[in-house]
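So the structure is just underneath, and the comments pick up after that.
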Amino acid sequence: MSVAGTLLDADDIRRALTRIAHEIIERDKGAADVVLVGIANRGDHLARRLAAEIERIEGTHVPVGVLDITFYRDDIGLRAEAPEVHETRIGIDISGRTVVLVDDVLFTGRTIRAAMDALIDFGRPDRIRLAVLVDRGHRELPIRADFVGKNVPTRRDDDVRVHVRELDGDDAVTVQEAAAIQEVHR
């Protein structure tokens, strides 16, 4: 089963991030040892919002890093188009800390596998957790999110997009069904 259209609007995203922030605080009994690392190019914006929300709730500043996983992907040489490379910025030692990887959509799990490989180059965290705004299923690797904004049933070839105001001017999560995508490209 799949749905088309807007899955989450700006208010839904705000509520989901507030809930995830509370869950992170609860799971770690505070945020003193937590570092948020957003996967570029939308996870980093969501990570900053989570950090602001945790600080609002808990009064604890949570460091935020940005991780580019481009050269850790297992499909780097298989794609026809050139990869879009972003800057990695992790300005804190992550060794012995709880690192929460933040991404917009969890799909096959391959992005998260690449992110864990990349993260280990920066230290040895005590634990790595995963927070995603949308989990759409279709896993190819045994990876699951610890914190999920919304689970969304999709077809494998549907197009799920997260729009963030910092890049796109508004906040929304949309899905376009595969049949509609094919119709546009005819």
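The values are calculated or read from the model by the stated rules, or taken from the named source; none is laboratory data. Since the structure is predicted, the reported quantities are computational estimates derived from the model, not experimental observations. Counting neighbours? That spans all protein chains shown, and the Cβs are built from the backbone with ideal geometry, glycine included. Heads up: the accessible areas ignore ligands, DNA and RNA and are worked out on the full protein's heavy atoms, side chains in. Shrake-Rupley method; radii C 1.70, N 1.55, O 1.52, S 1.80 Å.
Points to keep in mind about this one:
- At least 15 Å along the helix axis (C-alpha) and Kyte average at least 0.5, DSSP helices within the chain: 110-120
- GluC sites (Glu not before Pro) lying in DSSP loop within the stretch 124-179, provided at most 13 other Cβ fall within 10 Å: GLU140
- Counted charge near LEU17, where neighbours are those whose Cβ lies closer than 14 Å (Asp, Glu -1; Lys, Arg +1): -2
- Euclidean distance between Cα centres, the stretch 153-170 to the stretch 3-56, Å: 16
- Surface per residue (accessible, 1.4 Å probe) for the stretch 21-154, Å²: 48
- Computed from point charges on the beta carbon alone (+1 for Lys and Arg, -1 for Asp and Glu), the dipole magnitude for the chain about its Cα centre is near 420 Debye.
- Beta bridges by DSSP in the stretch 7-156, antiparallel share as percent, to the nearest 5: 5
- Computed in the context of the full set of protein chains, the accessible area of the chain at 1.4 Å probe radius has 48% of its extent on carbon or sulfur.
- Note on the chain: GNM, Cα springs under 10 Å; of VAL37, VAL85, VAL102, the largest mean-square fluctuation is that of VAL85.
- Taking all protein chains as shown and a probe of 1.4 angstrom, ARG155 keeps an accessible surface of around 110 Å².
- Considering the chain at the alpha-carbon level, its Rg and Dmax are found to be 16.4, 53 Å.
- Distant-in-sequence amide H partners of ARG129 (H built 1.01 Å from N, under 5 Å): VAL99, VAL100, LEU101
- Signed unit charges on C-beta, dipole axis of the chain, positive-most listed residue VAL64, THR154, VAL164: THR154
- Extension gain (nm, one decimal) between ASP93 and THR18, 0.36 nm per residue minus Cα-Cα: 24.4 nm
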